[in-house]
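Q: Take this structure, written in structure tokens, and hold onto it; I'll ask about it next.
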Amino acid sequence: KQEVTQIPAALSVPEGENLVLNCSFTDSAIYNLQWFRQDPGKGLTSLLLIQSSQREQTSGRLNASLDKSSGRSTLYIAASQPGDSATYLCAVRQGTGGFKTIFGAGTRLFVKA
Amino acid sequence: DGGITQSPKYLFRKEGQNVTLSCEQNLNHDAMYWYRQDPGQGLRLIYYSQIVNDFQKGDIAEGYSVSREKKESFPLTVTSAQKNPTAFYLCASSMDTSPNSPLHFGNGTRLTVT
């Protein structure tokens, strides 16, 4: 059974710092991995989607990497800003069994001004 | 502007009452989903629908029911049989259920049952 873990559960950093959020999954038979942002009391906004054949994806100050064999993905945020404060969730799309999406519990990020 | 609309944003109900959460999309997506989010846990799938007039149970369907009479609409009913209904409920859609079809989410409904 696929399990997705995000560590740490919460992170507080000063503005301007580069940071890395981690996501690990137990079953490497994934189709893709997606990173989402969730603001308090809101829905999820897709940030980056990495196909299983890809190693990384970039969008602005965000870079997501995928190492399928080791069951790990990282989300790198450059030059963090207070507006980056949110919860970041990763989700894996299963490669078998109906292409289910399994979500991690998220990392709550707070960027201090 | 295309998107997913969930209403209401907040919902309060007494224990023992059924309650229906609304989800409407104008993205022309075939697939729609209901997830439940609890503090410290990942999203869990309640029900999903690949096409009009068809839906399947997800991982935690007990105590919930859905209908899909129109492509745009996928309402979720939380029945009195759901033992722990207080949670944040998220509706999502995708073009179809193929793995390359990204999920788009509404802004959620927070249900509190006392």
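Q: Report the one residue of B:Tyr35, B:Leu76, B:Thr114 whose Cα lies farthest in the direction of the positive end of the charge dipole of chain B (charges on C-beta: Lys and Arg +1, Asp and Glu -1; origin at the Cα centre).
A: Highest projection toward the positive end goes to B:Thr114.
Q: Quote the FRET efficiency, to the nearest 0.05, computed for B:Thr86 versus A:Glu17 with a Förster distance R0 of 45 Å and r equal to the Cβ-Cβ distance.
A: About 0.80, to the nearest 0.05.
Q: May I ask you to sort A:Ile30, B:Ile4, A:Ile7 by Cβ crowding, counting other Cβ atoms within 10 Å and putting the fewest first?
A: Starting with the residue having the fewest Cβ neighbours, the order is A:Ile7, B:Ile4, A:Ile30.
Q: If only Cα atoms are counted, what is the Rg of the protein assembly as shown, and what is its Dmax, in Å?
A: For the protein assembly as shown, the Cα radius of gyration and maximum Cα-Cα distance read 17.6, 51 Å.
Q: Quick one: of A:Lys68/B:Lys70; B:Lys14/B:Lys70; A:Lys100/B:Lys71, which pairs are farther than 27 Å apart, Cα to Cα?
A: Too far apart for the 27 Å limit: A:Lys68/B:Lys70; B:Lys14/B:Lys70.
Q: With +1 assigned to the C-beta of every Lys and Arg and -1 to the C-beta of every Asp and Glu, and no other charges, what is the dipole magnitude of the protein assembly as shown about the Cα centre in debye, to the nearest 20?
A: Using only the charged Cβ atoms, the result is roughly 340 debye.
Q: What is the spin-label model distance, in nm, from A:Tyr76 to A:Lys112 if the labels are put 7 Å beyond Cα along the C-beta direction?
A: Between A:Tyr76 and A:Lys112, the label points sit 2.6 nm apart.
Q: Right, next: What residues have an amide H closer than 5 Å to that of A:Leu47, excluding those fewer than 5 places away on the same chain, when H is modeled at 1.01 Å from N in the peptide plane?
A: It is A:Trp35, A:Phe36, A:Arg37, by chain and number.
Read-outs throughout are calculated quantities, based only on the coordinates presented, and are distinct from any laboratory measurement. Fair warning: this is a prediction, and the values are worked out from it, not measured in the lab. Here Cβ is always computed from backbone atoms with ideal geometry, including for glycine, and neighbour counts include all displayed protein chains.
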